[in-house]
Amino acid sequence: MRDVSGLIKAYDVRGVVPDELDEALARDIGRCFGALIQPAAAIVIGHDMRESGPGLAAAFADGVMSQGIDVIRIGLASTDQLYFASGKLDVPGAMFTASHNPARYNGIKMCYAGAKPVGQDTGLNQIKDWITDGAIPEVAGATPGTARDQDMLTAYAQHLHSLVDISASRHLKVVVDAGNGMGGHTAPAVFKGLPLEIVPMYFELDGSFPNHEANPIEAANVADLRARVVAEKADIGLAFDGDADRCFVIDELGQIVSPSTITALVAARELRREPGSTIIYNCITSRAVPEIVRELGGTPVRTRVGHSFIKAEMARTGAIFGGEHSGHFYFRDFWKADSGMLAALHTLAALGEYDGSLSELLAQYSRYPSSGEINSTVDDPQGVIAQVEKHYTGSEGVTLDHLDGLTVSHDAWWFNLRASNTEPLLRLNVEADDRSTMERVRDEALALITKGATA
């Protein structure tokens, strides 16, 4: 028996190596996953550039094979490359990554065949129970599976090109910051042969992240990219997180582009391709997104934060596209999975078809000032949320909802406060009709968080 309640989270496994996640536990999780996906014949496994990845992936593979399932090893991969392999080969998958977390972390993102998500209600809770109870099912009479290697990088790049064709684009100068993560592995393959001049930054794979954390949602981690875009007089900058499933954009002025703005841009492109389609957005995405979707004749659907929730809602509604304010972008034609690289190609395609600058192109999709995500470390996140809710309950013109954390809404502003699913943090996002209102609401909410944390 082993307590894994803090390791197996809402939509993945993630923890410090080896204190929380070691090879013995990875092997047991592999055994559990092998039992969960019966009667699958094979599984595809990839890992990012973290030093602990190969050992954990090999141990997990041993556990899977002990349940009579073959293993297809694709080696170094981005998370969306793993999803591609799961979709293309129509087999379950497991990706070893801790995404943007520091070097001491690693984790596992699992999916069923066709890149269908494994979340807390679709398998992770079962795996947690089996391990906690020390009762991992064994497949009776199973002949141990075998392992083989298969390169999926070229096919991945070709598939992305089939979804977004920028071969006829005007020439663009693009600065790409891979953050020493898996973007340094996939970007050369995807951008090769396209009308792009690539200026690479930190393409060397290094799980110790020697230049900056591979978490582009934090402004400090894109400071180098912003300066380089301006210095190079580039048309655009792209930043990827550690496993390259998220993409962030910098315009030609060195300004950070909100992922909500990119969501609106890609939604508009997809709605032109298939008018009347459904677009998914999460509860911390700008109000501009549902407004623009409705204006273009689409149907916006709001959902919780997190890839397993977004993918489930896409499957339920038949949505063509979904975007999250965290920089995750989901595509129906990519097995409903998220792909930072595919979002990057859409943005490059839109810019390549436009005669002006990126900031001019995006002005129509950015309508409201926002705070960006502000993280606070608190001992009792749910207790603090309850205190904030108590403060606003009964306030004139204010509505509250609990789709994901607490969303407090007013005609002129809104904010969401939620506990992270992957880290010990309370996350605040604020948006308003004007900057002074946004700053006032932001400061009021932060003061309430501080008060609640010290009460």
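Structure notes:
- Criterion: touching a strand residue (DSSP E or B) at 6+ places or on another chain (Cβ under 6 Å), closer than 26 Å to Arg2 by Cα and of a type in the set (Val, Ile, Thr) - qualifying residue of Ile37, Ile74, Ile69: Ile69
- From the list Ala178, Ala157, Ala231, the one residue that fits, being open to solvent by 40 Å² or more (accessible area, probe 1.4 Å) and not hydroxyl-bearing (Ser, Thr, Tyr), is Ala231.
- Summed over region 297-340, residues that are in a helix (DSSP H, G or I) and not hydroxyl-bearing (Ser, Thr, Tyr) total 13.
- The set of residues from region 421-453 being among the β-branched types (Val, Ile, Thr) and out of contact with any Lys or Arg (no Cβ under 7 Å at 6 or more places or on another chain) comprises Thr437, Val441, Ile449, Thr450.
- Residue that is farthest from His410 (Cα to Cα), among those in region 437-455 that are exposed (fewer than 14 other Cβ atoms within 10 Å of the Cβ) and among the hydrophobic types (A, V, I, L, M, F, W, C): Ala455
- Scanning region 5-21 for residues that are within 22 Å of Pro137 (Cβ to Cβ) and out of contact with any Lys or Arg (no Cβ under 6 Å at 6 or more places or on another chain) yields Ser5, Leu7, Val13, Leu21.
- Residues located in region 100-136, provided they are of a type outside the set (A, V, I, L, M) and buried (at least 24 other Cβ atoms within 10 Å of the Cβ): His100, Asn106, Gly107, Lys109, Cys111, Pro117
- Note on region 217-226: residues that are open to solvent by less than 60 Å² (accessible area, probe 1.4 Å) and out of contact with any His (no Cβ under 7 Å at 6 or more places or on another chain) amount to 5.
- Under the condition of being part of a helix (DSSP H, G or I), closer than 16 Å to Met49 by Cβ and either under 20 Å from the mean Cα position of the chain (by Cα) or of a type in the set (Ser, Thr, Tyr) (or both), the residues counted in region 179-234 number 5.
- Residue count for region 166-178, restricted to those that are in contact with a strand residue (DSSP E or B) (Cβ under 6 Å, 6 or more places away or on another chain) and part of a loop (DSSP other than H, G, I, E, B): 1
- Gly383 small (Gly, Ala, Ser), at pLDDT below 95, surrounded by fewer than 21 Cβ atoms within 10 Å (Cβ to Cβ) and in a loop (DSSP other than H, G, I, E, B): no
- Ser409 on the phi < 0 side of the Ramachandran plot and either of a type in the set (Lys, Arg) or surrounded by fewer than 19 Cβ atoms within 10 Å (Cβ to Cβ) (or both): yes
- Of all positions in region 316-330, at least one carries a residue that is of a type in the set (D, E, K, R), farther than 27 Å from Asn221 by Cβ and without any contact (Cβ under 8 Å) to a residue 12 or more places away in the chain.
- Counting the residues of region 403-433 that are within 18 Å of Glu389 (Cβ to Cβ) and either of a type in the set (Phe, Trp, Tyr) or part of a strand (DSSP E or B) (or both) gives 17.
The values are calculated or read from the model by the stated rules, or taken from the named source; none is laboratory data. Since this is a predicted model, take the numbers as computed values, not measurements. Cβ sites come from the backbone with ideal geometry, for glycine too, and all protein chains shown count toward neighbours. All accessible areas refer to the heavy atoms of the entire protein, side chains included, with ligands and DNA or RNA removed. Shrake-Rupley method; radii C 1.70, N 1.55, O 1.52, S 1.80 Å.
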